[in-house]
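Engineer: This is the structure I have questions about; it appears just below.
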Amino acid sequence: MSRARLLEDRPLTELSRDDIVEFSRRRKEPEWVLRRRLEAFEYLRSTPPDPKIDPLIEKVTYKVFIESLENPVLPTEEAIKAAERLGVRPEELEVLASGFSIDVDNVVVKAVLKYLEKKGVIFTSMDEAVKRYPVVKEYAFRGLHPQLNRKTAYHVMLWAGGPFIYVPKGVKIPQPLQGVFIIGREGLGQTEHTLIVLEEGAELHWIEGCTTPIALRYAVHLGGLEAFVKDSAKLYVASINNWLGEVHHMPVKRVVVEGDNAYAELTAIAFYSTTSNTAPRIDLRGRKSRGVIQNIALYRDKQRIHSAPLIRYEAPETSAQILNRTVVKDEAVEEFNGMLYAARGAKGATGFMSCNTLVIGDRAKSITVPAIGTEEKDAELSHEASVGRISYEKLYYLALMGFEEDEATWLIVNGFFEPVINKLPIDVQIEVKKILELALLGH
Amino acid sequence: MVRHRPLTWVCGVKVAVFSPCGEPLLTSVKYFFNKGSKQRLVVRGASKMTFEVQKVKVYTSDGKEVVKGVSLSLVKPGIYTIMGPNGAGKSSLVNAIMGHQSYRLEGRVLLGGEDITKLSTHEKARKGITLAIQMPLEIEGVRVAELLSRIIKRFQGVSKTDEALRIARELLHLVGLSDSIMSRYFMVGMSGGERKRLELARVLAQKPRVALLDEPDSGVDVESMPLVAKAIEKLREDGAIVVLITHQPRLFKHLEPDHVYVMYNGRIVAEGGLDLVQLIEDKGYTWIAHHNGGR
């Protein structure tokens, strides 16, 4: 039996060092990328398996993984429909497979690209970027470095595709840029890597939509996003996830706010996945820099969710917020362990964590454990948490107005999310409302 | 006068107009030509609306009998007031009629002759009966404009949002609320008086055939009282049977009820016109109950 054949049948958790070397060579990557992959491999070999991560990745074979990378799914009608479910108009569609590609034949996309090019913005796929732009080497895998944790190590070892966005000094991109990642095959481990670098005074809204065109029997989403934000730059990231079928959502995200007076906002909007294990992180390293992590989610059926956002303050007068607003219904179970941590040097840091959960039904559960830590005595960090249920009185009141229970629940849930959704870019608001309606009313 | 778009044409002559819940609404149809000589349909007079409560007893979830056999037969539009002291069973009666889960109702409730006793609350609402609750609840994150326009679209057969919003604004003006309230979350942070008036605007938006109003005047300041009265009057003008619960005669400075019932200890013990209100002011409920033999 040939070696290649053996490799193909192997699960992703059992790849050897040689397999990684071969994987990187197949992709014709520069040496430094391979080195990062191998560092991740070594880290995985030297640390014990994580019961929440490894068993899920183990189910994906190398064969399926590589096939989806080398024979990407073309934008089929189903994929387009899936993108539309995320609110992306077909003419804006620039996708697909597990990675990221730009459809240069598209008129709208062409115009956008021309505009960006004129401004000195680089907006291309990571596969291309690692070969063409030296600046990538300077930043890639510095935030999501291979020794951060096992999940990140798997991501670094197996990443493929994703966008690279570089915004030069002083350039403010007026319209949000948007990317869609679609898992279009069974058993696929989607591992796109998004790298964003904002130079001094730059501004960017990045919206990423992740979805599946059809209900999948099994898929893993192990995408990654890392970003670096310089002095007075502003970054807004909104990720909208709407999965169908058995999809295990375990992305890795880290934003390093390096500059003074800089701002970073990470918003995750999640409407469906079988399990979700997220731990987005912002590091505030610039004086007076600010960070916000928002999570807006509707969990249902038998979903198991663990979310652990972290904002780490490392510079004076930094401020941050973590907002978690979720609805848990059916038999879903949510565990929330957000943390604000003021490290030494974060003098005068301020922060607030707010967790509000609405529980629908008797079997859904939400366990919220917010944490606050500080090494600086003058840091002012606080949190509040509330878990509520939809009262019968409210359903009765809305029934008096002619709303049946499903409609009334939808109205209440919509209203619960409204104050947070209301602050998102208008495109995202429309998408989210559409997905919510689909999730709660089925139309 | 009820004006509705015809939903069904038969042979180009006969027309059937239905309420949003599918009930025939017409007794007579007339055509006339307006300025542009385009044919328009004018519908005059709704079908004979009746609301009957037959031998209704209401029990709380712990089995306590709070309404001990009440019968009402309201056969024409008007304002029918039920007055009585706290604890007489007035709120229990109307909430039980609407199907609140805390009550068990025995007896029958008929709307236009149809037995609606067993229908769920939203089905009853869609049949054309609703209740203005005593303490309107906050619906966080849902704007007044959104909620009212949804209601107007459903109950008034309006399909365009602009038109629904225009109607909503008109209703708010009627109860003395300004346009700015449209963008506020429903009832959130509003004063007692604002809530009561918004609640009446909500009921008006449903164009009910039967409106049960549970103390729409409580917590309303003197200046707002005429506005509350105006909204109730509008319901009567629109051809609704209004069942108005109150225990304060002060509302009748602005509004004349068609009939007054006195409820005491779970029973209707007296009925009459405005003179009965005067008697309540003079003698009190207990006196009336005892001098009418606890009927």
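Engineer: Once phi is turned into ³J(HN,Hα) by the Karplus curve 6.51 cos²θ - 1.76 cosθ + 1.60 with θ = phi - 60°, what whole-Hz value does each residue of region A:349-366 show in order, with x for glycine and proline?
Structural biologist: Coupling constants for region A:349-366: 5, 10, x, 8, 10, 10, 10, 10, 10, 10, 9, 10, x, 8, 9, 7, 9, 9 Hz.
Engineer: Whole-Hz ³J(HN,Hα) for each residue in region A:255-270, computed from phi via Karplus 6.51 cos²θ - 1.76 cosθ + 1.60 with θ = phi - 60°, x for glycine and proline: what do you get?
Structural biologist: So the Karplus estimates, Gly and Pro as x, are 10, 10, 8, 8, x, 5, 6, 8, 9, 9, 10, 10, 10, 10, 10, 10 Hz.
Engineer: Now a separate question. For Cα pairs less than 8 Å apart in space and 6+ apart in sequence, what is the mean separation divided by the residue count of chain A, i.e. the relative contact order in percent?
Structural biologist: Relative contact order of chain A: 10 percent.
Engineer: Going highest first, how would you order A:257-267, B:66-76 by mean Cβ packing within 10 Å?
Structural biologist: A:257-267, B:66-76
Engineer: Which entries of B:K90/B:K124; A:K230/A:K433; B:K57/B:K207 have Cα-Cα distances beyond 23 Å here?
Structural biologist: Listed pairs above 23 Å: A:K230/A:K433; B:K57/B:K207.
Engineer: Report the FRET efficiency, 1/(1 + (r/R0)^6), for B:Q101 and A:R25, where r is their Cβ-Cβ distance and R0 is 56 Å, rounded to 0.05.
Structural biologist: 0.25
Engineer: At 7 Å along the Cα-to-beta-carbon direction for both B:E170 and A:R132, put a label point, then send me their distance in nm to one decimal.
Structural biologist: 6.1
Engineer: Okay, moving on. What average number of partner chain Cβ atoms lie no more than 10 Å from the Cβ of the residues making up B:138-147?
Structural biologist: Mean partner shielding for this stretch: 5.
Engineer: If I stretch the segment between A:F352 and A:K169 completely, what's the gain in nm (0.36 nm per residue apart, minus their alpha carbon distance), one decimal?
Structural biologist: 62.8 nm
Engineer: Shifting gears a bit: Considering every residue in B:149-161, what mean count of other chain Cβ atoms within 10 Å of its Cβ is obtained?
Structural biologist: 1
Engineer: Sequence-distant or interchain residues sharing an amide H contact under 5 Å with A:A270, placed H: which?
Structural biologist: Here A:N241, A:I296, A:A297, A:L298 satisfy the definition.
Engineer: Sum -39500 (n - 2.57) across every DSSP H segment of at least 4 residues in chain A, then divide by the residue count to get the 222 nm mean residue ellipticity, nearest 500.
Structural biologist: After summing the helix terms and dividing by the residues of chain A, the value is -9000 deg cm²/dmol.
Engineer: Collect residues whose amide H, placed 1.01 Å from N in the peptide plane, falls under 5 Å from the amide H of A:G209; neighbours closer than 5 in sequence don't count.
Structural biologist: Hits under the 5 Å cutoff: A:G179, A:V180, A:F181, A:I240.
Engineer: Would you tell me the mean number of C-beta atoms belonging to other protein chains that fall within 10 Å of each C-beta in A:390-399, as a whole number?
Structural biologist: That works out to 6 on average.
Engineer: Given a Förster distance of 56 Å, report the FRET efficiency between B:Q156 and A:R217 from their Cβ-Cβ distance, rounded to the nearest 0.05.
Structural biologist: 0.75
Engineer: Arrange the peptides B:230-236, A:229-235, A:301-307 so that the one whose residues have, on average, the most other Cβ atoms within 10 Å appears first.
Structural biologist: A:229-235, B:230-236, A:301-307
Engineer: List the residues, sorted by chain then number, that are 5 or more residues from A:A320 or on another chain and whose placed amide H is less than 5 Å from its amide H.
Structural biologist: A:G291, A:T350, A:G351, A:F352
Engineer: Could you give the length gained on full extension between B:E223 and B:E140, defined as 0.36 nm per residue of separation minus the Cα-Cα distance, in nm?
Structural biologist: Contour length minus Cα-Cα distance gives 27.1 nm.
Engineer: Tell me, in nm to one decimal, what length is gained between A:D18 and A:W410 on full extension, where the rule is 0.36 nm per residue of separation less the Cα-Cα distance?
Structural biologist: Gain on stretching A:D18 to A:W410: 135.9 nm.
Engineer: Quick one: what are the phi-derived ³J(HN,Hα) couplings along region A:389-398, Karplus 6.51/-1.76/1.60 with θ = phi - 60°, whole Hz, x for glycine and proline?
Structural biologist: So the Karplus estimates, Gly and Pro as x, are 10, 6, 6, 4, 4, 5, 5, 5, 4, 5 Hz.
Engineer: Hey, another quick one. If R₀ is 35 angstrom, what is the calculated FRET efficiency for the pair B:L274 and A:I430, using the beta carbon separation as r and rounding to 0.05?
Structural biologist: 0.05
Each reported figure results from applying straightforward, stated rules to the coordinates on display, with no laboratory input. Please read these numbers as outputs of a predicted model, since none were measured by experiment. Glycine also receives a Cβ, built like all others from the backbone with ideal geometry; neighbour counts cover every protein chain displayed.
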